[in-house]
Amino acid sequence: TSCHDYGSCCFKIFPLGDMPASFYGSQAATNDRAIWVEHAELAEWGLPREDDSCVAQPDTAERPTEFPSPENAHAASSGNASYVESSSFYPPAGAIHSVGASVPELPWTRREHPLSTNCDGRSSSRERRHRSSWHAALNKRLLNIDNAEDLLSLTGRELEGFDILNTITALNHLSRLKGASRFQRDPRALEVLYRLEAWLARAIKSGDEFDGPEAVLPKHLASMSVGLARLRWKDSAAGRVIRMIAAMAPVMLGKARARDLSNLAWAFATLEVKGFDSLLLAIAREAVVQIGDFTEQNLSNTCWAFAKLGLRHDPLIRAIAEETLRKLPQFSSQGLSNTLWGFATMVIKGEECLGKSAWQLICALLEELIHRLPECPTQQLSNSAWACCRLGVRHDGFMAAVASEGMKKLHQYTPQDLANTAMAFAKPNIRAHDFLRALASEAMKKVKCFEAREVSNITWSLNIMGPGIIDGTWLDAALDHFRSLVRLDVPLKARRSGDFEGWEIVQLLNACWAYRGVLNHWVELAYVFQQHIYGPVVQALAAIAGNGSSHAATLPLDDARQEAQRIATELQVDFLGPVFTRAALRDLGFVDPADLRCVDAFTYRDSVGAVPQWGIEARAAVSDALERMRAELPFMWFDRFGPHERRVQCWLSYELTVQAQSSSGLTIEEHLVENGRIVSFSLDEHRAMSQHGCETLARLEATKQGRVAFMLQDVRRSQQWVRGLFAQHDRVGHCERQALLEVILEVVGVLRTFLSRCELDPSVTRCINEGLFDGSCGTKVQGQMRLFVCHFYCISCLAAISCFVRRFPHVTLHTDFDDCWRTRLLDV
């Protein structure tokens, strides 16, 4: 229809849908450069525009299962393949299927010509340039579309004309358009995923031989991953593409750019897909090598991604910390906040290899953030404050700046921002009362928008800051909303996953207990807690201890402990709090009768009682021990406040009599007396299995100046006799359990001494091997024991105490504790 001569090249420009069928067979087509354009483009070029009626409508031909490769297309153009073209961008359906038309060419291929192919069968550079120009123009068209429906419509019509870059561009640009995620099941979007899947499958099959314009590069994998991550697509076809990317990427990362590494990590973290640690570790190894090329966004995104996935790679952490310090002025406020959050989530604290470098980074981040807080939205304010709290870093200047800026933006805070900020001030005991009162007032306005855990967290946080922050009216509104959120009236056996998590109501009721007399919803919630949480937990502990009259009390010890583990896991309870821990210990019979505190935790009645004399002595001894510990501690990078398990101390005293039967029937006995000593946390059982017991044995030998009668095998057996529960993390090193182990080893040492002095009944050896000290194996231990700890017992330690009582039923055990969030004895 139009012909323009530009120098030595003749360009024939045809409106799409108006090409004569005879053109495909003309010799002129092999010598001239033909350009197909749509009608809309003709007007832009000032060329004659044909009537719209000449545009062919899409046909309904079924698409091929695999997209055409350049080799397929070349075979089709020479008549050696029966490839049927569907409606696509080039050429139009009307011209292809007209009577007498030859097999169509793809727009970037040419008919056989001596100059068009190389001797090895590959396309010539002329052909590759021809194809590249078309695809580059198509990419621009895709990127100019600002509506998801329009993009998919174009993709549906013209997908067969896409090369791989166009296909990736379509996916990536779709992910940036509003409302695109709802198209996951759309056939047009699925066609894009199927095309990518086929391309990756062919690349995996071909390996290194798959090169050229269709070669797979790390940037392609990163771009596909980012597109799927933005769309949150990870099922079905998208899931298959993700798995193929994870399989291919590790061996290709040597060719990846820094941004490709960061984008891959970010995408897999955003999708929250698990089981691809090999890919993430490969990314981490390569990132350490290329860390100097990382931009501030790459650094913050990578830090965030590994934190989100919960994956530790210490060389990467150190590299990110050092590079971030060098590039700190380049960071945006969001980059600073994300990096701080990432380090907090990875819990990089208290470790010699990383502690100092991580602490230096955190301090630098906070100092830089102080000046950027006015440009931070509320989420970044709350996340940064939460990160300090999580790391155990107390930075008064930064928190004062957060309070000052937060006062201006409180109306913008979300419920999660409010809850996290309250906890960030409460745990380090930063008493910004004016800000906290304003925060509590804002929370009251938005209380109906809170989730259950947010209600629990903000109530506990504001309560431990002392009086004057919240009152009974505030608490009643919080309890009312909490009651409406969770299904608490469902029997335990009928409870479904997600109805509620036990720790939420435990924490909430402990916080509200002092105000229970004025709360309208206290009785109802306390009753439900007693029936659904407290009752099952205490019954399970009683079964371990062998107390009570129920059938569970007769269960074998291991079976009872396994049942308690099941209940704790099902209810998501790792503690009972200061109020209900004392109530549980009283119900289990582990409280001194002279101690009248918290006699009935589930009524309005106040019970006032004095601390027993031994409890006063224990508190003084622990306070002195903590003072000495703080004086001897090296500088603490992190964990400077709260009940860190390695700082918690317990006090132990006992008066025991160990009796054993000799082979002649005589009773041999020895008295063990300890007026009070401090026992600390131990890392012994956190080490490799082959090293279990070694540290405990060495420590006790040093304490006794080498005069111990028990052996390493006895230590390892004893560790199995007082096992606790797994609750969120392993708690085998807690000081309370270490105290129980030391008592058991003292008794075993006495029995070993008896064996060396005289011939004992053979059952005594069984007692040493099985740990039964109730008289059934010829050995009986009786007396009294007292145990005090500076923070309330966790559910695991309650189980360990119950195991001890089961094995020593004739020993009267009295316990006591404090709440370190009130005493603040464990703050450094």
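The values are calculated or read from the model by the stated rules, or taken from the named source; none is laboratory data. For clarity, every value in this text was computed on a predicted model and none was experimentally measured. Using ideal geometry, Cβ is built from the backbone for each residue, glycine included, and neighbour counts are taken over all protein chains shown. Heavy atoms of the whole protein, side chains included, go into the accessibility calculation; ligands, DNA and RNA do not. Shrake-Rupley method; radii C 1.70, N 1.55, O 1.52, S 1.80 Å.
Overview of results
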| quantity | calculated |
| --- | --- |
| Every residue from segment 723-733 that is crowded, with 22+ Cβ neighbours inside 10 Å and within 25 Å of Gln784 (Cβ to Cβ) | Gly724 |
| Entirely in segment 528-647, the helices (runs of 4 or more DSSP H) that have 2 or more residues that are loosely packed, with under 14 Cβ neighbours inside 10 Å | 557-571, 613-632 |
| Subset of segment 177-193 (residues that are under 31 Å from the mean Cα position of the chain (by Cα) and not aliphatic (A, V, I, L, M)) | Lys178, Gly179, Ser181, Arg182, Phe183, Gln184, Arg185 |
| Answer from Leu369, Leu354, Leu309 - the residue that is of a type outside the set (Lys, Arg), modelled with pLDDT of 85 or more and more than 28 Å from Phe435 (Cα to Cα) | Leu309 |
| Residue list for segment 260-285, restricted to those being out of contact with any Pro (no Cβ under 9 Å at 6 or more places or on another chain), on the phi < 0 side of the Ramachandran plot and without any contact (Cβ under 8 Å) to a residue 40 or more places away in the chain | Val273, Lys274, Phe276, Asp277, Leu280 |
| Residues of segment 484-536 classified as at pLDDT 90 or above and among the acidic types (Asp, Glu), total | 1 |
| Elements of type helices (runs of 4 or more DSSP H) contained in segment 159-234, each with 3 or more residues being within 23 Å of Thr302 (Cα to Cα), modelled with pLDDT of 85 or more and touching an Asp or Glu at 6+ places or on another chain (Cβ under 6 Å) | 218-231 |
| Residue within segment 470-478 that is modelled with pLDDT of 90 or more, in contact with a helix residue (DSSP H, G or I) (Cβ under 9 Å, 6 or more places away or on another chain) and open to solvent by 70 Å² or more (accessible area, probe 1.4 Å) present | yes |
| Residue satisfying all of: in segment 372-406; modelled with pLDDT of 90 or more and outside any helix (DSSP H, G or I); most open to solvent (accessible area, probe 1.4 Å) among these | Pro377 |
| Matching residues, segment 209-258, being open to solvent by 10 Å² or more (accessible area, probe 1.4 Å) and of a type in the set (S, T, N, Q) | Ser223, Ser236 |
| Residue tally, condition open to solvent by 10 Å² or more (accessible area, probe 1.4 Å) and touching a Phe, Trp or Tyr at 6+ places or on another chain (Cβ under 9 Å), over segment 418-434 | 6 |
| Extreme residue, farthest from Cys767 (Cα to Cα), among residues of segment 689-722 that are of a type in the set (A, V, I, L, M) and open to solvent by less than 50 Å² (accessible area, probe 1.4 Å) | Leu700 |
| Restricting segment 127-178 to residues that are of a type in the set (Ser, Thr, Tyr) and closer than 28 Å to Leu271 by Cβ, the residue that is most open to solvent (accessible area, probe 1.4 Å) | Ser153 |
| Residue check for Ile801: open to solvent by less than 10 Å² (accessible area, probe 1.4 Å) and farther than 26 Å from Arg707 by Cα | yes |
| Within segment 667-697, tally of residues that are assigned to a loop (DSSP other than H, G, I, E, B) and polar (S, T, N, Q) | 2 |
| Among (1) open to solvent by 80 Å² or more (accessible area, probe 1.4 Å); (2) outside any loop (DSSP other than H, G, I, E, B); (3) of a type in the set (S, T, N, Q); (4) modelled with pLDDT under 90 - the single one Ser664 does not satisfy | (2) |
| Conditions (1) at pLDDT below 90; (2) in a helix (DSSP H, G or I); (3) open to solvent by less than 50 Å² (accessible area, probe 1.4 Å): number failed by Trp359 | (3) |
| Qualifying position, being more than 22 Å from Asn172 (Cβ to Cβ) and among the aliphatic types (A, V, I, L, M), among Ala269, Ala284, Ala249 | Ala284 |
| Residues located in segment 786-797, provided they are open to solvent by less than 20 Å² (accessible area, probe 1.4 Å) and over 28 Å from the mean Cα position of the chain (by Cα) | Leu787, Phe788, Val789, Cys790 |
| The listed residue being at pLDDT below 90, surrounded by 22 or more Cβ atoms within 10 Å (Cβ to Cβ) and of a type in the set (Phe, Trp, Tyr), out of Phe294, Phe331, Phe268 | Phe331 |
